[in-house]
Amino acid sequence: MYKLLVFPFLILLNFACTAETQQKVEHKVEIIPEIITGAEQTDQYLPYLKDKRVGVLVNQTSMIKEQHLVDSLVALGVDIQMIFAPEHGFRGKEDAGAHVKDAIDPSTGIKIYSIYGKNKRPTPELLQQVDIVIFDIQDVGCRFYTYISSMHYMMEACAEAGKEMLVLDRPNPNGMHIDGPVLDPKFKSFVGMHKIPILHGLTVGELAQMINGEQWLRNKTNCDLKIIPVKNYDHSMSYSLPIKPSPNLPNDQSILLYPSLCFFEATPVSIGRGTAFPFQVIGYPNSKLGVFEFTPKATPGAASNPVLKDQLCFGEDLRTITEGGLQLSYLIDWNRKFKNAEGKSVISKNKWMDLLCGTDQVRLALAKGETESEIKVAWKEGLDAYKLKRKKYLLYKD
């Protein structure tokens with residue numbers, strides 16, 4: 001009788017232990033380490049700044065948690081001599097393409113020098129007033145996003161003046177994508193300075209290494225470069241930007257669509273500048289082009305004179321799209337629809353389109369009516385060669 005009582009008890013005990021173990025497994029949560037930007041790792045780079053006169057190339061994204069890098073470094077006793085401001089200005093409040101003026105930062109009294117517009121790099125005489133320049137700006141991983149052009153010019157200026165440059169690295173929110181035609185040097189401009197594809201799959205630190213390694217600086221000079229890498233990051237990760245990188249990229253959705261919709265900047269079609277959802281819609285004043293309606297309005301600091309200002313546009317709302325990367329389908333579809341509705345192509349012989357693409361081959365292929373897959377096959381060889389070159393400069397795994 002004793003054995004009969006114990007055996008069921010053991011079965012019940014075993015079942016209870018198994019159920020408890022299973023419950024623990026089911027409730028086990030994978031802990032993903034927090035991404036720590038280069039700027040946040042002050043202990044790693046303060047020694048490089050000790051007893052040095054410092055210049056900083058920064059904007060509104062140059063934050064350490066809730067404090068701007070400039071304010072943080074000043075509080076730590078770093079001798080910041082000057083601030084360099086890229087497109088959109090030091091606080092990121094200027095329109096795309098708007099002239100950025102020299103000024104004084106009211107918070108610290110430090111002089112701000114514009115390097116967007118007529119003067120894209122500081123003069124050698126100005127750089128003699130510093131020993132090192134810090135670059136800390138959030139990029140979005142597209143060749144035509146001009147912060148990387150400003151980084152290039154600053155590297156060039158530092159190399160020629162014999163000054164050090166410190167890059168505080170940040171994640172690339174489009175870093176999992178590598179796509180597009182590699183720049184043809186004939187179409188080099190401020191929106192395309194390097195022989196890289198539209199989606200280059202690099203952080204600014206990795207790109208800085210590539211610029212040095214491939215000798216892309218003027219006169220093949222070499223910048224004395226130091227990089228503080230991001231901790232706990234790799235290129236497969238999604239990264240939500242805590243601060244909008246420019247006035248017309250206000251959220252993750254706009255950054256997701258930016259690589260594909262930027263081509264429309266060279267067309268008469270609106271992609272939402274002057275609305276609450278820039279780079280998230282497509283439209284034109286013709287009801288045959290779609291059911292979604294919006295009206296671009298003058299928006300100080302973001303779009304003072306947007307395309308199709310005050311005109312009711314009809315088109316597509318892309319705010320629920322989840323597919324990123326480089327999609328030519330939007331441009332191909334709208335070219336077809338525009339021809340049917342307006343009797344003409346949305347893509348004209350347009351220098352601006354070629355500069356954004358970094359080649360005239362995309363525009364010519366679209367004019368011929370080629371499909372997206374046909375166009376992408378044409379740039380595959382150059383893209384594959386770039387991917388091999390890119391591996392030499394990676395700081396993070398794919």
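Annotation note: of 243, 282, the sole residue that is buried (at least 18 other Cβ atoms within 10 Å of the Cβ) and β-branched (Val, Ile, Thr) is 282. Scanning region 132-142 turns up no residue that is among the small types (Gly, Ala, Ser), open to solvent by less than 60 Å² (accessible area, probe 1.4 Å) and farther than 17 Å from residue 203 by Cβ. Screening residue 226 on (1) over 16 Å from residue 57 (Cβ atoms); (2) open to solvent by 20 Å² or more (accessible area, probe 1.4 Å) shows it passes everything except condition (1).
Residue by residue, here is whether (1) assigned to a strand (DSSP E or B); (2) open to solvent by 30 Å² or more (accessible area, probe 1.4 Å); (3) not basic (Lys, Arg) holds:
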residue: 305; (1), (2), (3): no, yes, yes
residue: 315; (1), (2), (3): yes, no, yes
residue: 341; (1), (2), (3): no, no, yes
residue: 344; (1), (2), (3): no, yes, no
residue: 352; (1), (2), (3): no, yes, yes
residue: 356; (1), (2), (3): no, no, yes
residue: 362; (1), (2), (3): no, no, yes
residue: 365; (1), (2), (3): no, no, yes
residue: 376; (1), (2), (3): no, yes, no
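Counting only residues that are buried (at least 19 other Cβ atoms within 10 Å of the Cβ) and touching a strand residue (DSSP E or B) at 6+ places or on another chain (Cβ under 7 Å), which one in region 120-131 is modelled with the lowest pLDDT? Looking at the filtered set, the residue picked out is 122. Identification of strands (runs of 3 or more DSSP E) wholly contained in region 105-197 with 1 or more residues that are among the aromatic types (Phe, Trp, Tyr) yields 111-114, 132-136.
So that you can scan it fast, the table gives a plain yes or no per residue for (1) modelled with pLDDT under 95; (2) loosely packed, with under 10 Cβ neighbours inside 10 Å; (3) over 21 Å from the mean Cα position of the chain (by Cα):
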position: 4; (1), (2), (3): yes, yes, yes
position: 11; (1), (2), (3): yes, no, yes
position: 26; (1), (2), (3): yes, yes, yes
position: 35; (1), (2), (3): no, no, no
position: 38; (1), (2), (3): no, no, no
position: 54; (1), (2), (3): no, no, yes
position: 81; (1), (2), (3): no, no, yes
position: 84; (1), (2), (3): no, no, no
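Note on region 194-223: residues that are touching a strand residue (DSSP E or B) at 6+ places or on another chain (Cβ under 8 Å) and either closer than 16 Å to residue 153 by Cβ or of a type in the set (Phe, Trp, Tyr) (or both) amount to 4.
The values are calculated or read from the model by the stated rules, or taken from the named source; none is laboratory data. Computed from a prediction, not measured in an experiment: that's the story for all the values here. Neighbour counts run over all protein chains shown; Cβ positions are idealised from the backbone, glycine included. With ligands, DNA and RNA removed, areas are computed over all heavy atoms of the protein, side chains included. Shrake-Rupley method; radii C 1.70, N 1.55, O 1.52, S 1.80 Å.
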